[in-house]
Amino acid sequence: MIQKYFCVLTLLFSTTFMLSQTFTVSGNIKDEANNPIAYANILLLKAQDSTIVSGTTSNEEGEFGFNNVAANKYIIKASFISYEDNYSNITVSGDLQIPLIVLKESVETLSEIQITYKKPTLTREVDRLVFNVEKTALSEGNMMEVLRNTPGVLVLDNKITIKNTIPTVYINDKKVHISANEIAELLEGTSASNIKAIEVITNPPARYGAESGVVLSIIMAKNLISGYNGSVFSNYTQGVFPKTNYGMSNYFKGKKISVYANYSYNNKKVDRVERTTINYPDQQWVSDLDRNTWTETHNFNLNFDWDFNNNNTLNLSANTQFLPYFKRITKSNTQITPIISNEIASFNSNNLSKDKKNNLGFDLGYVHTFNKDNAKLYFNSHYTNYDYKSRQDVETDYFLGNDSFFVNNAFNTRSTQDNEIITSQLDYSLPINDSSSFETGVKFSNVKSKSDNIQNDIIGNTEVLNINNTDAFNYDETVYAAYLSYDKQWEKWSLSYGLRVEQTIIKANSISTNQNNDQDYFEWFPTANLSFKASDKVSIYTNYKRSITRPDYTYLNPFKYFLNDNTVVTGNPNLQPVYTSNIKLGVSINNIFTIEAYYKKYKNNIFQIPIQDNDTNILTYTSLNINYTEEIGLDFEAYFNIVDKWAVYIGTSFYNYNDNGTFFNNTISRDRWANYTNFTNNVSFLKDNSLTANFTMTYVGKNVQGFQVVNSRLMSDLSIRKTMLKGKGSVSLIISDLFNEQDVFVTTKFLNQDNTLYDNLDNRYVKLGFRYNFGNTKLSTKDHSSSVEERERLGNENSH
């Protein structure tokens, strides 16, 4: 197996390519008094569409330069605070020293400048949607608000999904190694002021991990002007109970270094009400649960960039979360009918959980650009430490049919979990020429998880160890990966394909049962995209990808969490990975309308399914592999302006889910057609677009998930934002679940299983927010969108 793996590596790194020639462009910038201007912002733009090629700042002598510039026509844009912008045309066919640039003092003072916001734009590419939000009103909020407004992204019950799939989240091409709920808290507390774009990648390239079936990539803009700015924010949310969060973002850029730091604090109490109905052969058990959860969370994020020179950059980043306080009280009442004489007719349970958690993630990255061919070498290493401690106390009183007290049962559990994640990745990208590129890389990752759970039964005020529910679980996962990918564009055709190989070694052991789940497998994961530009307005494309979803190690952990004596949540150490094959055919019309047909097959799909034991009357929620899930669907999307200030996104999908699995030695299938529809409106008001509103409705029709039928839901959100104080301040109002149609009703009915769940989540709320920006608010960012103003304000052309 190892020989096969290294043979593949040798093959991946044996290909060589042609190299392209580049040049150097240099210049000098001064004011009208012939004084050099230090730290001026210099942008190199393509003359064709004003997209940014590179950016730099002038030194103390006013000198600046660009390396690795390909032969072409460009625009030089020079700017500095309190000076008018300067534009010059250049043509590069060799090393070029451009004439002196002289900046004229602006007649406006900084306090007189009004900020005008752009509209968000949506671009469809063959493997992704790109939602550009830089310098739009959306960038005045937090990252989660931006995602709620991103076409194709659904934030449901504080979890991010894309077409029924939980995506892998990347920030600046760095994977975020935290859970779905933790990602939501991280993004809620992180300013969106530096977001350039959100990429919804439905067919990720080979450089992403094979487990990344869908990727949500948050691209941050990089400031080019030296200076300091930041913001403070605060939010108050009123749902069933009040919630608050506040924080601060800071950004500094010097000549060679830039630092971004963000801190946020969340204090919230969340309510959740459930009703579970279980139909046993002779009785019906109806349980009403009321959960109240109190949490205090601290999030701190840091990003540090050090540009040694034009060819070398070092990056250090950290995403940390501290949960010093977590308390959950679950009260439940269960009624049993019909009542049988001298048998239990009802019981009440009180469950108190107190947790503490730290999640610390660090990345170290390095990028080197080669002068000769503009190739790049990337290195990144990641480390996560996750520490979790939990204490649970459960007490239940049982009553007979005449409401007389029968017996009391009490126990407590103590659980700890310590996880470490280490990854290292090396990537090499080579632009072969203007129409093709090559990329390859290798990656190593290791996950170690150590958990233990101790249960003590309370007998006569004395703790007695329960051996059957006491355990320790160790998990060790190592993955070796390598990939290559190639992109090629012709006049009407474009092609990209890649191949990723991964060797996975897993060792999992339950100490008390001595149960092992060791796995060792080698898999190939191809990906391909092909598109044809039939005309200026019509493009046809198809793509294919094979991916893997490894079971979360928390799902493998066999420990039991008791909601009450008869309702248990537990893991499954025998889970196998899920393999997904996805093929899609689509057409894009006028960059407005998109129609796609697709087919997916999930082998060994994983669902958390409630299994009722009709002998012991215990309901166990556990994750199980089914044989497969097949999904076929037809999607339609449109993104357009009704008027100049009113943008609309409509996306609808008609799809069929077919689950096939084996339970109790019986193979069963269940399928159902369903509809998913998203309708989003972004409206700007006033001349400077400083008043914006967003209204989103998402309908999820009745559908099948793991043999369970989930009733239809309607999600609705209204958000209003007003920018004030000359662009430095903003206030926001968000109303969620306007129509009170987001509650969940799930029916499980197959073979001898017959139960329902009604889940009333605390997702109807009103949220008020305020944000204030301070420091140098004229900091510019890399903007890769076209600018008509920059094309119209050109100076005289200077050529070599």
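List of remarks:
- The angle separating the long axis of helix 2-12 from the principal Cα axis of greatest extent in the chain is about 30 degrees.
- Protein accessible area in the chain, 1.4 Å probe - carbon and sulfur %: 55
- For region 561-657, a crude dipole built from +1 on the beta carbon of Lys and Arg and -1 on the beta carbon of Asp and Glu, taken about the Cα centre, is about 320 debye to the nearest 20.
- Between Phe532, Ser217, Thr22, the Cα set farthest toward the positive side of the dipole of the chain (charges on each charged residue's Cβ, about the Cα centre) is that of Thr22.
- Of every Cα-Cα pair in region 187-288, the percent that sits beyond 21 Å: 64
- Per-residue [θ]222 nm for the chain (sum of -39500 (n - 2.57) over DSSP H runs n ≥ 4, rounded to 500): -1000 deg cm²/dmol
- Comparing Cα centroids, region 576-645 and region 443-457 end up 30 angstrom apart.
- Ranked packing of 674-683, 456-465, most packed first, by mean Cβ within 10 Å: 674-683, 456-465
- Coarse-grained scattering of region 578-704 at q = 0.09, 0.10 Å⁻¹, given as base-10 log I(q)/I(0) from a Debye sum over alpha-carbon atoms: -0.44, -0.52
- Interchain or long-range residues, amide H under 5 Å from Phe66's placed H: Val25, Ser26
- Taking region 195-331 and dividing mean pair separation by its residue count, relative contact order in percent (alpha carbons under 8 Å, at least six apart): 16
- Think of region 594-668 as having a plus end and a minus end, set by charges on the Cβ of Lys, Arg, Asp and Glu; of Ile611, Ile668, Val643, Val643 sits farthest toward the positive end of this dipole.
- Placing unit charges on each Cβ (+1 for Lys and Arg, -1 for Asp and Glu) gives the chain a dipole about its Cα centre, and among Phe131, Asn469, Ile592 the Cα reaching farthest toward its positive end belongs to Ile592.
- Probe 1.4 Å - accessible area at Trp673, Å² to nearest ten: 150
- Across region 441-517, the convex hull enclosing all Cα atoms gives 129 Å³ per residue.
- Accessible surface, region 268-325, averaged per residue in Å² (probe 1.4 Å): 44
- Counting only lysines at least 8 places from Lys492 when in the same chain, those with an alpha carbon closer than 21 Å to its own are Lys533, Lys537, Lys584.
- In order through region 655-666: 3J(HN,Hα) via Karplus (6.51 cos²θ - 1.76 cosθ + 1.60), integer Hz, x for Gly, Pro: 9, 10, 9, 10, 9, 10, x, 10, 10, 6, 6, 10
- Working from Cα pairs under 8 Å separated by at least six residues, relative contact order for region 383-493 is 25 percent.
- Average Cα contact separation per residue, the chain, under 8 Å, 6 or more apart, as relative contact order %: 11
- Put a plus charge on the Cβ of each Lys and Arg, a minus charge on the Cβ of each Asp and Glu, and nothing anywhere else: the dipole of the chain about its Cα centre is then about 1120 debye.
- Kirkwood Rh, angstrom, region 663-715 [1 / mean 1/r, Cα pairs]: 14.4
- A simple rule links phi to the HN-Hα coupling: the Karplus curve 6.51 cos²θ - 1.76 cosθ + 1.60 with θ = phi - 60°, which for region 532-546 gives 9, 8, 5, 7, 5, 10, 10, 10, 10, 8, 9, 8, 9, 8, 10 Hz, with x for Gly and Pro.
- In a simple Cβ point-charge model (Lys, Arg +1; Asp, Glu -1; nothing else charged), region 509-617 has a dipole of about 680 debye relative to its Cα centre.
- In order along region 404-418, the Karplus-derived 3J(HN,Hα) couplings, from 6.51 cos²θ - 1.76 cosθ + 1.60 at θ = phi - 60°, round to 7, 5, 10, 7, 10, 10, 9, 7, 9, 10, 10, 10, 9, 9, 10 Hz, and Gly and Pro are given as x.
- Each peptide in 58-70, 197-209 receives the mean, over its residues, of other Cβ atoms within 10 Å, and ordering these scores from highest gives 197-209, 58-70.
- Pairs from Lys372/Lys488; Lys46/Lys372; Lys243/Lys356; Lys331/Lys767; Lys356/Lys448 whose Cα-Cα separation, in the structure shown, is over 25 Å: Lys331/Lys767
- The listed peptides 144-150, 717-723, 94-100, ordered by packing as a protection proxy, come out as 144-150, 717-723, 94-100 (highest mean of other Cβ atoms within 10 Å first).
The values are calculated or read from the model by the stated rules, or taken from the named source; none is laboratory data. All figures in this text were calculated on a predicted structure; none of them were measured in a lab. FYI the Cβ positions are ideal-geometry reconstructions off the backbone, even for glycines, and counts take in every protein chain you see. Calculation scope for accessible area: heavy atoms of the full protein, side chains included, ligands and nucleic acids excluded. Shrake-Rupley method; radii C 1.70, N 1.55, O 1.52, S 1.80 Å.
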